[in-house]
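Chemist: Okay, here's the structure, questions in a sec.
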Amino acid sequence: MECVLTPGDPYMPLPNEEIIARVAKQVISLFPSSQGLEVTWSSVVKIGQSLYREGPGKDPFRPDQKTPVKNFFLSGSYTKQDYIDSMEGATLSGRQTSAYICDAGEELVALRKELVAQSKDDIKFTNTKDELSLV
């Protein structure tokens with residue numbers, strides 16, 4: 001099991017053994033079926049500035065995946081999504097970004113055609129199609 005404690009300020013001055021004991025106690029209280037199990041391995045990594053501070057009222061300051069700049073999208077755990085700054089949040093953000101890109105598909109195809117038309121004299125394009133390919 002992996003646990004992320006954020007904000008971590010209260011835990012930074014504590015010895016690793018104390019942090020492990022507190023987390024183990026909380027796991028047992030949240031998952032009663034874990035009573036009787038013992039911690040066989042643990043590791044504490046303290047990184048004071050790795051996460052931004054979550055707090056009430058902060059979500060409006062997270063940028064949306066779709067930006068005011070046409071065909072420019074953001075993705076990452078810091079963007080507007082339902083989780084804290086985490087791998088899960090980054091995954092959800094990526095899915096939301098993908099949806100915006102798919103929604104912009106027709107516009108992107110039109111933009112590509114326009115760029116090809118403008119560049120025909122400058123660049124020789126080979127193997128171009130009039131379809132959008134998303135991976």
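Chemist: Here is a list of conditions, (1) surrounded by fewer than 17 Cβ atoms within 10 Å (Cβ to Cβ); (2) under 13 Å from the mean Cα position of the chain (by Cα); (3) more than 20 Å from residue 8 (Cβ to Cβ), and residue 84 meets all of them except one; can you say which number that is?
Modeler: (3)
Chemist: For the range 94-107, give me each residue that is under 23 Å from residue 81 (Cβ atoms), of a type outside the set (S, T, N, Q), in contact (Cβ under 8 Å) with a residue 12 or more places away in the chain and in a helix (DSSP H, G or I). Don't jump to the end; show me each part of the working.
Modeler: First, the residues of the range 94-107 that are under 23 Å from residue 81 (Cβ atoms): 94-105.
Narrowing the set further to residues that are of a type outside the set (S, T, N, Q) leaves 94-95, 99-105.
Add one more test, that the residue is in contact (Cβ under 8 Å) with a residue 12 or more places away in the chain, and what stays is 94, 100-102, 104-105.
94, 100, 101, 102, 105, listed by residue number.
Chemist: Could we say that residue 134 is modelled with pLDDT under 85 and either in a loop (DSSP other than H, G, I, E, B) or among the aliphatic types (A, V, I, L, M) (or both) here?
Modeler: Values: modelled with pLDDT under 85: yes; either in a loop (DSSP other than H, G, I, E, B) or among the aliphatic types (A, V, I, L, M) (or both): yes.
Judged against the criteria, residue 134 is a match.
Chemist: For residues that are among the β-branched types (Val, Ile, Thr) and loosely packed, with under 14 Cβ neighbours inside 10 Å, scanning just the range 92-125, find the one that is farthest from residue 54 (Cα to Cα).
Modeler: Start the filter on the range 92-125 by keeping residues that are among the β-branched types (Val, Ile, Thr), which leaves 97, 101, 109, 116, 123.
Checking which are loosely packed, with under 14 Cβ neighbours inside 10 Å leaves us with 116, 123.
Working: 116: 45, 123: 49 Å.
My answer is 123.
Chemist: Quick check, is residue 89 modelled with pLDDT of 85 or more, in contact with a Phe, Trp or Tyr (Cβ under 7 Å, 6 or more places away or on another chain) and not in a loop (DSSP other than H, G, I, E, B)? Step through it out loud before you land on a result.
Modeler: Values: modelled with pLDDT of 85 or more: yes; in contact with a Phe, Trp or Tyr (Cβ under 7 Å, 6 or more places away or on another chain): yes; not in a loop (DSSP other than H, G, I, E, B): yes.
Yes: the conditions hold for residue 89.
Chemist: If you don't mind, there's one more thing I want to ask. Six or more apart or on different chains, Cβ under 7 Å: which pairs go from a residue in the range 1-17 that's modelled with pLDDT of 85 or more to one that's loosely packed, with under 14 Cβ neighbours inside 10 Å? Could you list them?
Modeler: Hits for this filter: 12/46; 12/48.
Chemist: Do the conditions hold for residue 5, that is, is it more than 30 Å from residue 110 (Cβ to Cβ), within 20 Å of the chain's Cα centre (by Cα) and of a type in the set (A, V, I, L, M)? Before you say what the answer is, go through the steps one by one.
Modeler: Values: more than 30 Å from residue 110 (Cβ to Cβ): yes; within 20 Å of the chain's Cα centre (by Cα): yes; of a type in the set (A, V, I, L, M): yes.
When the stated conditions are applied, residue 5 passes them.
Chemist: Looking only at the range 19-34, count every residue that is over 18 Å from residue 6 (Cα atoms) and touching a helix residue (DSSP H, G or I) at 6+ places or on another chain (Cβ under 7 Å) and tell me the total. Give the steps one after another, and end with the answer.
Modeler: So in the range 19-34, the residues over 18 Å from residue 6 (Cα atoms) come out as 28-29, 31-34.
Checking the rest, the ones that are also touching a helix residue (DSSP H, G or I) at 6+ places or on another chain (Cβ under 7 Å) come to 28, 34.
The number of residues fulfilling the criteria is 2.
Chemist: Would you tally the residues in the range 1-57 being closer than 22 Å to residue 85 by Cβ, among the charged types (D, E, K, R) and exposed (fewer than 10 other Cβ atoms within 10 Å of the Cβ)?
Modeler: 1
Chemist: Going by the conditions given, is residue 65 surrounded by 11 or more Cβ atoms within 10 Å (Cβ to Cβ), of a type outside the set (A, V, I, L, M) and in contact (Cβ under 8 Å) with a residue 24 or more places away in the chain?
Modeler: Working: surrounded by 11 or more Cβ atoms within 10 Å (Cβ to Cβ): yes; of a type outside the set (A, V, I, L, M): yes; in contact (Cβ under 8 Å) with a residue 24 or more places away in the chain: yes.
Taking the combined requirement at face value, the residue satisfies it.
Chemist: In the range 73-84, which residues are at pLDDT below 95 and touching a Gly at 6+ places or on another chain (Cβ under 9 Å)?
Modeler: Across the range 73-84, the qualifying residues are 76, 77, 78, 79, 81, 82, 83.
Chemist: Here's something else I'd like to know. Tell me which residues, restricted to the range 32-68, are of a type in the set (Phe, Trp, Tyr) and under 30 Å from residue 95 (Cα atoms).
Modeler: Here is the first cut: in the range 32-68, the ones of a type in the set (Phe, Trp, Tyr) are 41, 52, 61.
Correct list: 52, 61.
Chemist: Here are some conditions: (1) under 16 Å from residue 8 (Cβ atoms); (2) assigned to a loop (DSSP other than H, G, I, E, B); (3) not polar (S, T, N, Q). Residue 23 meets all but one. Which one does it not meet?
Modeler: Residue 23 satisfies every listed condition except (2).
The values are calculated or read from the model by the stated rules, or taken from the named source; none is laboratory data. Values in this document were obtained by computation on a predicted structure and should not be read as measured data. With ideal geometry, Cβ positions are generated from the backbone for all residues, glycine too; neighbour counts draw on all protein chains shown.
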